[in-house]
Structures are given as C-alpha cells and as structure tokens.
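Where a number appears in this text, it was derived from the coordinates with a stated rule and is not lab data. Source: prediction; values computed, not measured. Neighbour counts run over all protein chains shown; Cβ positions are idealised from the backbone, glycine included.
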Amino acid sequence: MRKHIPNLITCLNVTSGTVAVFLAYNGELLLAALCVLLAMVFDFFDGLTARLLHVKSEMGKELDSLADAVSFGLVPAVLAHFLIKDVVLIRSFTSFYLLQPWFENILVYSPLIIPGFSIYRLAKFNLDSRQTHSFIGMPTPANALFWVSLVFCFTFEREVFFSIWGNPFILALCVLVLSILLVSEIPMFSLKLTSFSFRENRLLYIFLGLLVIMVILWGWCGLSFMIPLYVLVSLCGKKN
C-alpha cells in the first residue's frame, strides 16, 4: 500500500493543475495561481515521500513528469494567455492601444509554445544524468512560478504591474525567452536546500537574500522579478 502513497500525491499535483485550468477559464486567475502553488507543494512532497518510504520507482518518475506537464506546462500557458489578453483589452480601452487583429492574436496566443517547450524539457531532464543536484536549463516549476507571480502583481499591484509588465509585447517576449531557457544548456542552481552550509548553498542564499530585499522594496511586484533574478544569479555563479 505504501508504494502507492507518492503516486497518490503526484495525482493530487495534476488534479491541482487541472482545477487551475478550470478556474482560469472561469475568470478566477488568482485562484488558478494559488492552485499552481498547491501543485508545487504536492510536487515537492511526492519525491520526499518516495525517498522516506524507500519506494522510488521508474513509474513514479514518469508519473511525476506527466503531472508536471499539466501543472507546470499547460497551466502557465493558460495564465500567460489570459494575462496578455487582459492587458490588450485594458490598454485598448484606456489608452487607445489598438493593434491589428491578426497581430493582436499572435501576442495573445503566443503562450501556445510553452507546453511544447515544457514537455521537451521534462523529457530531456529524465534522460540527462547531469541533472542530479543542479539543473541544465530552467526547470518547469520556475517558469510556472514566474507567471504565478505576475498574476499576484496584476491582482494586488495593478498600477505597478502596468508600469513594468503591462505591455503585450513584453509579456509575449517573456513567453519566448523563458521557453528557450527551458531547453537551454545554461547551468542553474537547485532551489532545494540539501543542508544549511553556506558554502554548499551559496547561490541559493544569495538569491533568497536579494529576493527578500526586492519584496520589502516593491511588495508583490518584487516577486515578479524572482525568476529573472534566479536566472541572473545562476549566470553569475557559472562565471565564478
């Protein structure tokens, strides 16, 4: 019985992602974003539970990737789609920010590329023996976390959101850049704390310290710079 417990937690991950899709299509972007965070909790605990119970298996590994494809591949695309759509509509109504319909559709539906890049990333991760304690390319939960943070910023700090991210061109560019980072060969540090040693977790501690400062200075919108900061710290760590 205990061998099925991690798989059950993984199923809760994909269920949270599926609920997020339903909520987003019913106009509840904030609740959808919260469901993504819940999926991340389940994604963390399924692996932890498998290790604690000594029931790690190839099936669990594949099931985890399938769940991640929904929660951290499909759902970020849905969140990005509705964010860009809302920005286009609000800009059009408030500042005559009008685009040609065909070009507007390109921007609004640009997130369609996210699931494809995400599942390629997940398949690559499963086959890449180099990615045991760190990552090659950006992990899919990080991409999902970026769009979740933008939903929080859009909901709670709308004026600041529009001054920084409230341009459909910028959001579509984020879709493209982050998708490329998913399948890139850039080494990125793990966000999981394996010990409390500063030497072993130097990049993680630097990242968390800078993130706290940004949140103190900019509130919810500080979180929207979490993933750009993660990429920047990873690049600096690579040079050092």
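If amide H atoms are built 1.01 Å from N in the plane of the peptide, which residues on other chains or at least 5 residues away come under 5 Å of the amide H of ILE136?
MET188
What does the highest-first list of 50-57, 220-227 look like by mean Cβ count within 10 Å?
220-227, 50-57
For the chain, with a Gaussian network of springs between Cα atoms less than 10 Å apart, report the residue from ALA172, ALA39, ALA20 with the top mean-square fluctuation.
Per the Cα network of the chain with a 10 Å cutoff, ALA172 tops the list.
Could you give the angle, 0 to 90 degrees to the nearest 10, between helix 113-127's Cα long axis and the longest principal axis of the Cα atoms of the chain?
Around 10 degrees separate the two axes.
Could you give the dipole magnitude of the chain about its Cα centre, charging the beta-carbon of Lys and Arg +1 and that of Asp and Glu -1, in debye to the nearest 20?
620
Tell me, what ³J(HN,Hα) does each residue in region 41-46 have, in order and in whole Hz, if you take phi through Karplus 6.51 cos²θ - 1.76 cosθ + 1.60 with θ = phi - 60° and put x for Gly and Pro?
Using θ = phi - 60°, the values come out as 4, 5, 5, 6, 7, 5 Hz.
Restricted to Cα positions, what overall size does the chain have along the principal axes? Three whole-Å values, descending.
59, 40, 29
Specify the angular offset, from 0 to 90 degrees and rounded to the nearest 10, of the alpha carbon long axis of helix 58-69 from the longest principal axis of the alpha carbons in the chain.
Rounded to the nearest ten degrees, it is 10.
Expressed as a rounded percentage, what relative contact order does region 1-80 have, with Cα pairs under 8 Å and six or more residues apart?
Reported as a whole number, the value is 46 percent.
How high is the relative contact order of the chain, in percent, with contacts defined as C-alpha pairs under 8 Å that are six or more residues apart?
It comes to 20 percent, rounded to a whole number.
To the nearest 10 degrees, how steeply does helix 75-95 sit against the main Cα axis of the chain, on a 0 to 90 scale?
Long axis of 75-95 versus the principal axis of the chain: about 20 degrees.
Work from the charge dipole of region 27-82 (Cβ charges, +1 for Lys and Arg, -1 for Asp and Glu, about the Cα centre) and give the residue of VAL41, LEU52, PRO76 farthest towards its positive end.
So the residue we want is LEU52.
Based on the Cβ-Cβ distance of GLU185 and LEU217, what FRET efficiency does E = 1/(1 + (r/R0)^6) give at R0 = 35 Å, to the nearest 0.05?
The computed FRET efficiency comes out at 0.60.
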